[in-house]
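Please read the structure below before turning to the comments.
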């Protein structure tokens, strides 16, 4: 509990003012500094170092640096999303480039609906996938439903940060970005997704690296070793929905290539 309170206090004391007042470079530097503070805690700090070592087989120093970058990324995303929410950042002004895009351009030209299979990468980079220049059709993003009353303080913090992400997306792309919520209160999200995929030019974003945990008892996911983890669960919903809707799946890896620069592969 003390570690959770320390993380909450640090985020509110440093990152919110950095996003609201400071220049972008200062805000991102503050996120980097906070990540070094978190690195001193048993969780997430030492745990992240151990995971980096197991995943990449690096030495102590390199594992430490990898862990710091991993901890800093969501903090930087939090700063950027708060800047977008307050009108201090416009994703449309970023430099966004696409790699291996010939097949996608063909789908766009013919107004063919398709599913974008992506993962929980840098949310700042994911935001670029919704730009009108990248996704001109009707958009739907499959997300977890935020519970009304999370049971623990750490979960309340996590859902609060997630709400900032959704609000940032809605603020930047109010042109029709639709959220499809999955959770116990939304037992049949596939019907909404399939209806969306019947519309010309529709695009549905699905994260395939995290199945819907609340349906763990009935899921038939792909479980395999991955990146230093013996048992990693991958969702198969995107493939099943594509088969039912008879539409293609476009894998997309969004990555940050520099300041305000995103590459979509």
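Figures for the structure shown
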quantity	calculated
Checking residue 199 against (1) touching a helix residue (DSSP H, G or I) at 6+ places or on another chain (Cβ under 8 Å); (2) modelled with pLDDT of 75 or more; (3) part of a loop (DSSP other than H, G, I, E, B), the condition it does not meet	(1)
Lone qualifier among 46, 61, 37, 75 - being more than 22 Å from the chain's Cα centre (by Cα), in a helix (DSSP H, G or I) and in contact (Cβ under 8 Å) with a residue 24 or more places away in the chain	37
Hits in region 1-34 - residues which are exposed (fewer than 14 other Cβ atoms within 10 Å of the Cβ), modelled with pLDDT of 85 or more and not in a helix (DSSP H, G or I)	21, 23
Failed criterion for residue 108 (all others in (1) free of Cβ contacts under 8 Å to residues at least 24 places away in the same chain; (2) over 26 Å from residue 15 (Cβ atoms) hold)	(1)
Residues being surrounded by fewer than 17 Cβ atoms within 10 Å (Cβ to Cβ) and at pLDDT 80 or above - total across region 133-147	1
For residue 95: the one exception among (1) out of contact with any helix residue (DSSP H, G or I) (no Cβ under 9 Å at 6 or more places or on another chain); (2) crowded, with 20+ Cβ neighbours inside 10 Å	(2)
Residue 189 being surrounded by 14 or more Cβ atoms within 10 Å (Cβ to Cβ) and either under 16 Å from residue 118 (Cβ atoms) or modelled with pLDDT of 70 or more (or both)	yes
Test result for residue 105, part of a helix (DSSP H, G or I), in contact with a helix residue (DSSP H, G or I) (Cβ under 6 Å, 6 or more places away or on another chain) and outside the structural domain of residue 32 (by TED's automatic domain parsing)	no
Residue in region 221-241 that is touching a helix residue (DSSP H, G or I) at 6+ places or on another chain (Cβ under 8 Å), within 30 Å of residue 56 (Cβ to Cβ), at pLDDT 70 or above and assigned to a helix (DSSP H, G or I) present	yes
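The values are calculated or read from the model by the stated rules, or taken from the named source; none is laboratory data. Just so you know, these numbers come straight off a predicted model, no measurement behind them. Cβ sites come from the backbone with ideal geometry, for glycine too, and all protein chains shown count toward neighbours.
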